[in-house]
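Reviewing the structure listed below.
The values are calculated or read from the model by the stated rules, or taken from the named source; none is laboratory data. Small disclaimer: the values here were computed from a predicted structure and weren't measured. All Cβ positions, glycine included, derive from the backbone under ideal geometry; neighbour counts span all protein chains shown. Just the protein is used for accessible areas: all its heavy atoms, side chains included, with ligands, DNA and RNA removed. Shrake-Rupley method; radii C 1.70, N 1.55, O 1.52, S 1.80 Å.
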Amino acid sequence: MAKPLCIDLFCGLGGFSEGFIAEGWEVAGFDIERHRYPALTGGWQEYPAQLVIQDVLTIHGKQFKTADCIVASPPCQEFSYMAMPWSMAKQKRADYLSGKRDVKQLTALFDACFRIQREASEAAGHHIPLVVENVRGAQEWVGRSRWNHGAYFLWGDVPALMPKGVASKQPGHWFKDSGTASGSARFGSKSRERKQWSAEVAKIPLVLSSHIAKVYHP
């Protein structure tokens, strides 16, 4: 019997994918770049499944008509930044609220996830579930999340019963939730270390991704 298929958008290091793979799914990840970094225990950290290098904005959902589930973790940096108590962060937020900056550009990647789901479902002739993960600060711009597991907030087809949420204790994850600059400020904005730090912070906890995979396993 063929394995069910999960599509992982903005897959990063594969936090969502690891849980689905553990539950017997086939997974294909899409990202704008390949994340591959030295691991503290030796070897490399990298995406654990088939990876397609492609800008998610260029994807048409009809190519995912055979998928059984879609998951996504669009970049959260802008949402987190605007939650910081810095004058520049406050000014950027004010610019979006006033219309000086275009909110549609701010939410474009988040919105693309739901467009892709809609196109995939139309091509398949049935609803394909989608779960989108992001930070608490995104709620002001994309609407209230349906549930959260610590710093990981979820939108879309979130299962009714979820594992108990706990705050992550991994370095930097408090920044992901609250906007604190702890962790990221140690590195240059375009450095490899900054990219690695961001990719590690974005990894979905295995208990969360495995639970969603179990719920949607056909």
Within the range 64-74, is there a residue that is at pLDDT 90 or above, surrounded by fewer than 11 Cβ atoms within 10 Å (Cβ to Cβ) and part of a loop (DSSP other than H, G, I, E, B)?
-> no
All positions within the range 112-142 that are among the β-branched types (Val, Ile, Thr) and in contact (Cβ under 8 Å) with a residue 60 or more places away in the chain = ILE116, ILE128, VAL131, VAL132
What single numbered condition from (1) open to solvent by 90 Å² or more (accessible area, probe 1.4 Å); (2) free of Cβ contacts under 8 Å to residues at least 24 places away in the same chain fails to hold for ALA39?
-> (1)
What strands (runs of 3 or more DSSP E) completely inside the range 98-206 contain at least 1 residues that are surrounded by fewer than 18 Cβ atoms within 10 Å (Cβ to Cβ) and at pLDDT 60 or above?
-> 147-149, 152-156
Meets criteria (out of contact with any strand residue (DSSP E or B) (no Cβ under 9 Å at 6 or more places or on another chain) and either at pLDDT below 95 or at positive phi (or both)) for GLY42 | yes
Residues of the range 1-16 satisfying the condition of being within 9 Å of the chain's Cα centre (by Cα) and in a strand (DSSP E or B) | ASP8, LEU9
Residue check, PHE79 assigned to a helix (DSSP H, G or I) and either buried (at least 16 other Cβ atoms within 10 Å of the Cβ) or touching a Ser or Thr at 6+ places or on another chain (Cβ under 6 Å) (or both) = yes
How many of the residues in the range 9-29 are of a type outside the set (A, V, I, L, M), without any contact (Cβ under 8 Å) to a residue 60 or more places away in the chain and open to solvent by 10 Å² or more (accessible area, probe 1.4 Å)?
-> 1
Quick check, is VAL52 modelled with pLDDT of 95 or more and either out of contact with any helix residue (DSSP H, G or I) (no Cβ under 7 Å at 6 or more places or on another chain) or over 24 Å from PRO218 (Cβ atoms) (or both)?
-> yes
When the range 68-103 is checked residue by residue, the ones that are over 20 Å from ALA138 (Cβ atoms) and in contact with a helix residue (DSSP H, G or I) (Cβ under 6 Å, 6 or more places away or on another chain) are CYS69
